[in-house]
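Notes for the one structure printed next.
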Amino acid sequence: MTDTPLAQPIPAPDLEPPDATGGTAAAIAAPGADPGRFAGVSAIWIRELRGRMRGKRAFIFITIYLAILTGLFWAALQAGREFWTIGALESISFGRGIFAAVMFIETLVIVALAPAYTAGLISQEREKQTFDLLSVTPISSLSIILGKLLSGLSYLGLVVGASIPIASVAFLFGGIDVIDLVRGYTILVVTGVGVGAIGVWCSAAMKRTQPATVSAFVITALLVLGATGSWIILNSRVAEDGTRLPQPPEALLYLNPFAAMADVNCQATGSTCFVGDSLAPRVPDPFANGGLIAPQPAGVGQAVPLGPDGMPVGGAFVPGGPGFQQPVSVPGGGFWPKTVITYLLLTPLAIFGAAQSVSPTRRWRWPGRSRPRALAVEPTDD
Amino acid sequence: MTSIVRTSGLIKRYPGTVAVAGLDLDIAEGEIFGLVGPNGAGKTTTLRILATLLQPTAGEAEIAGISVTRNPDAARRVLGFMPDVFGVYDDMKVWEYLDFFARCYGIPASRRRQMIGDLLDLVDLADKRNSYVQGLSRGMQQRLCLAHTLVHDPQVLLLDEPASGLDPRARVELRELLRELRALGKTILISSHILPELEELCTSVAIVDHGRVLAQGRVSDIERRLRAGAVLRVKLIGDEPTVEPARAWFADQPFVASATANPDGTIEIGFRGDDPATARLLAAAIGAGLPIMTFARAASDLEELFLQVTAQNTPEAVA
């Protein structure tokens, strides 16, 4: 800096002592207490819910969603009226089918809506130019992310939670235990939080909402469907000599909540399952579920027709038909916990990434390293 | 007087440009300090660094003795920041807006209600308590944003162009509000390029250009320094032919650096003398028979000071 006579600071004028005890001064003196590490979470959560739940829109959406779900349920009931007079076993199968259908729809809702609800949470603050005001509060970046994620998922939770009574109607027909319901909703919750965390990450990493939303959907689709598609493609490979190549890693399917939900439903039946350690050779017993096969990803668990040489050749599934591999009895329930664990591992990673992206001055630093590296740069004359 | 805001060798570089180039500020407690400068001078960047929203490339900045770079969390507790362009949560009511920020600062629920009422009284929005923020006028939103900076009773307020976009009445109200805040013990750092307002409001100013402080202190003190290089404006009675001889006469006088005839018939004199020398020049001009109608110092307000200071410190001049 070039020193000029004018650049020398002039002593500040003597000011009158501030009226710190004056009427309004004393009244508004509300020095901020330490809000705690996660106190900002509730502040952001409440603010978001006040905005989101105000007006009719939120409730109209829930009403329409429940009406559609109820309509589907009613249609299923009408279609299955015959079971009511057949007997207990058929009724149980019908109850399981209802449960599986509701869980499938709920999973679809979660996977479709979680990115939509979360991908704009941070980027919209930037677009509306409110993020600076939030950034100068003492709320930590982690609290901002958690508060936003919680608020984004709260409404989704309300949507899904409102459907519990409908899913619970399956209890009237039997075949479903409370623990099955708990398992199903556990998958829904961890999937929603995981996919939502991905959405918040995209929102924090990008300045605009539109690319953030597109990115969130693309990443979710790649994780949920892309990995499963890769598994199916890899699994269909056949070597030049006609022998089947080794199966792709089962882990590719862990992020597919539909497969996990199918496993839960399979576990509820207590019969054979189509997801597990060895997927392709195993086929579901369609009659083990009263003729209602639980929802399953395309290609997973489908019957494997065998040619004269005993090798799979493809073709339609004909239960008990010649040349088909017999179902292998694999107890259900071994797969869905892996999905839950995978999402539980993915979620903190996405939250950490979002917290790192939320603001350049709010990045986590290693303990004891309080001075950012950039500050080590020595000033130079420009 | 205790220094409450201090920057030392503050530098902020962006690719291809230097927004702040070694800025030094020293602001005493209780001041209303104006940061004056043209667009691109580095005012907003400086305020955003002080508000912990930007990391400086180099240098140090402190508020109330707390480093904004090393301890931003603590610094956020002693400062309130109002950006030049800000949005509002349009789906909230006025009291909810303040309640949200009070929660962010950990104000207990037992004190929030009273505090919100007091703040709304202070910014004259008590009757808008249950109105939606989006329904407020620009001036009201500005005052509400100012109120939000006060929820945690900060020692220092950083206000970036707070009067921009306001009508004259709203500006007067804002000015009165800032004076009231000063009376409440707040130190206010305010950036603006609406210089007449700062002149009335500020106890001290820093004139900033190209990321550097060119002058700092009370307006009167800066003006006193500049008097050695003041501009005198002289108007003569009579027709245009009298102007040129008079200009030539002034150009030959002691301490006169330049004398220029303006199209409007006035003569602008670059004068390096002090007050007695100015008086002697006037007496000599009258003694020489020049028909002087007005004889005045041009640099009499902040705007003139600003123009003089920045003109003396253009990049070419600095180089």
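Each of B:289, B:105, B:241 was scored by the projection of its Cα onto the charge dipole of chain B, and the greatest displacement toward the positive side belongs to B:105; charges sit on the C-beta of Lys, Arg, Asp and Glu. Just to verify a number: FRET efficiency for residue B:242 and residue A:208, C-beta to C-beta distance, R0 = 41 Å, to 0.05? Step by step, r from the Cβ atoms, then E = 0.05. When the charge dipole of chain B is built from unit charges on Cβ atoms (+1 for Lys and Arg, -1 for Asp and Glu) and taken about the Cα centre, the candidate among B:87, B:216, B:66 whose Cα reaches farthest toward its positive end is B:66.
Taking the Cα-to-Cβ direction at residue B:251 and at residue A:62 and moving 7 Å from each Cα, how far apart do the two end points lie in nm? Distance between the two pseudo-spin positions: 8.5 nm.
Across chain B, C-alpha contacts under 8 Å between residues 6 or more apart give a mean separation that, scaled by the residue count, equals a relative contact order of 19 percent. Taken about its Cα centre, the range B:1-62 carries a charge dipole of roughly 360 debye when the Cβ of each Lys and Arg holds +1 and the Cβ of each Asp and Glu holds -1.
Partner lysines whose Cα lies under 22 Å from the Cα of residue B:43, excluding those fewer than 8 positions away in the same chain, are identified as B:12, B:186.
With Cα atoms as the point set, the range B:3-217 shows a radius of gyration and Dmax of 16.8, 51 Å. Using a basic spin-label model with each label point 7 Å from the Cα along Cα→Cβ, how many nm lie between residue B:73 and residue B:283? Distance between label points: 6.9 nm.
Placing +1 on each Lys and Arg Cβ and -1 on each Asp and Glu Cβ, with no other charges, gives chain B a dipole about its Cα centre of roughly 840 debye. Relative contact order, whole percent, for the range B:89-235 stands at 19, derived from Cα pairs under 8 Å and 6 or more residues apart. Length gained on full extension, residue B:39 to residue B:164: 43.7 nm, using 0.36 nm per residue less the C-alpha separation. Remark: mean inter-chain Cβ contacts per residue of B:60-73 equal 2, using a 10 Å Cβ-Cβ cutoff to other protein chain atoms. Distance from the Cα centre of the range B:186-203 to that of the range A:202-252, in angstrom? Here the two parts' Cα centres lie 58 Å apart.
For the peptide A:133-144, the mean number of other protein chain Cβ atoms found within 10 angstrom of a residue's Cβ is 6.
The magnitude of the dipole of the range B:171-225, with charges of +1 and -1 set on the Cβ of Lys/Arg and Asp/Glu and taken from the Cα centre, is near 200 debye. When the Gaussian network model of chain B links Cα atoms closer than 10 Å, the mean-square fluctuations of B:124, B:264, B:221 top out at B:264. Here the 3J(HN,Hα) profile of the range A:199-204, calculated from phi with Karplus coefficients 6.51, -1.76 and 1.60 at θ = phi - 60°, is x, 5, 4, 4, 5, 6 Hz, Gly and Pro shown as x. Hey, with R₀ at 25 Å, roughly what FRET efficiency would residue A:189 and residue A:78 work out to, going by the Cβ-Cβ distance, to 0.05? About 0.20, to the nearest 0.05. FRET efficiency for the pair residue B:264 and residue B:138, taken as 1/(1 + (r/R0)^6) with r the Cβ-Cβ distance and R0 = 56 Å, rounds to 0.90. In the range B:119-159, a dipole from Cβ-located charges (positive for Lys and Arg, negative for Asp and Glu) runs towards its positive end, and of B:157, B:136, B:120 it is B:136 whose Cα lies farthest in that direction. Look at the stretch A:126-132: the mean tally of other chain Cβ atoms within 10 Å of its residues' Cβ atoms is 5. List the pairs from A:148/A:207; A:207/B:93; A:148/B:128 whose alpha-carbon separation is above 19 Å, in the order I gave them. Those over the limit are A:207/B:93; A:148/B:128.
A full extension of the chain between residue A:158 and residue A:230 corresponds to an added length of 22.6 nm, given 0.36 nm per residue minus the alpha carbon distance.
Here, each number is a calculation from the coordinates, and none is a lab measurement. Worth saying up front: this structure is predicted, and the values here are computed from it rather than measured. Quick reminder, even Gly has a Cβ in these numbers, built from the backbone with ideal geometry, and neighbours come from all protein chains shown.
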